Amino acid sequence: TLHGVLAQRLIRLSCPSCAQWRALTAEEQALTRAVVPPLTRVFEGRGCAQCADSGYRGRGAITELLVLDDALRA
């Protein structure tokens, strides 16, 4: 019998009306060095009337499903 565990996290999405690409800072590069392929830029909202100057509009979900089979349970 297979059982699973679902983990999820809501994230804010950059406003598509005002977001622009920018290079990663040195700190951001250090935090994301394990990402393959390496990140070199991010999409960041600047703030506009569409997002009430927050730079964000809407939410998205990041999910992960871990299926527990007999071998993993053991």
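The values are calculated or read from the model by the stated rules, or taken from the named source; none is laboratory data. Computed from a predicted structure; not experimentally measured. Note that each Cβ is placed from the backbone with ideal geometry, even for glycine, and that neighbours are counted across all protein chains shown.
Here's the yes/no breakdown for (1) free of Cβ contacts under 8 Å to residues at least 40 places away in the same chain; (2) of a type in the set (K, R):
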| residue | (1), (2) |
| --- | --- |
| L6 | no, no |
| S14 | no, no |
| A23 | yes, no |
| E28 | yes, no |
| A34 | yes, no |
| F43 | yes, no |
| C51 | yes, no |
| R57 | no, yes |
| I62 | no, no |
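Scanning the stretch 40-64 for residues that are of a type in the set (S, T, N, Q) and exposed (fewer than 13 other Cβ atoms within 10 Å of the Cβ) turns up T40, T63. Is it true that some residue in the stretch 7-26 is surrounded by fewer than 10 Cβ atoms within 10 Å (Cβ to Cβ), of a type in the set (V, I, T) and more than 14 Å from the chain's Cα centre (by Cα)? No, the stretch 7-26 contains no residue that is surrounded by fewer than 10 Cβ atoms within 10 Å (Cβ to Cβ), of a type in the set (V, I, T) and more than 14 Å from the chain's Cα centre (by Cα).
Could you list, in sequence order, all residues of the stretch 1-44 that are touching a helix residue (DSSP H, G or I) at 6+ places or on another chain (Cβ under 8 Å) and at pLDDT 95 or above? Passing the criteria: C15, S17, C18. Checking A71, A30, A7 one by one, the residue that is touching an Asp or Glu at 6+ places or on another chain (Cβ under 8 Å) and among the hydrophobic types (A, V, I, L, M, F, W, C) is A7 and no other.
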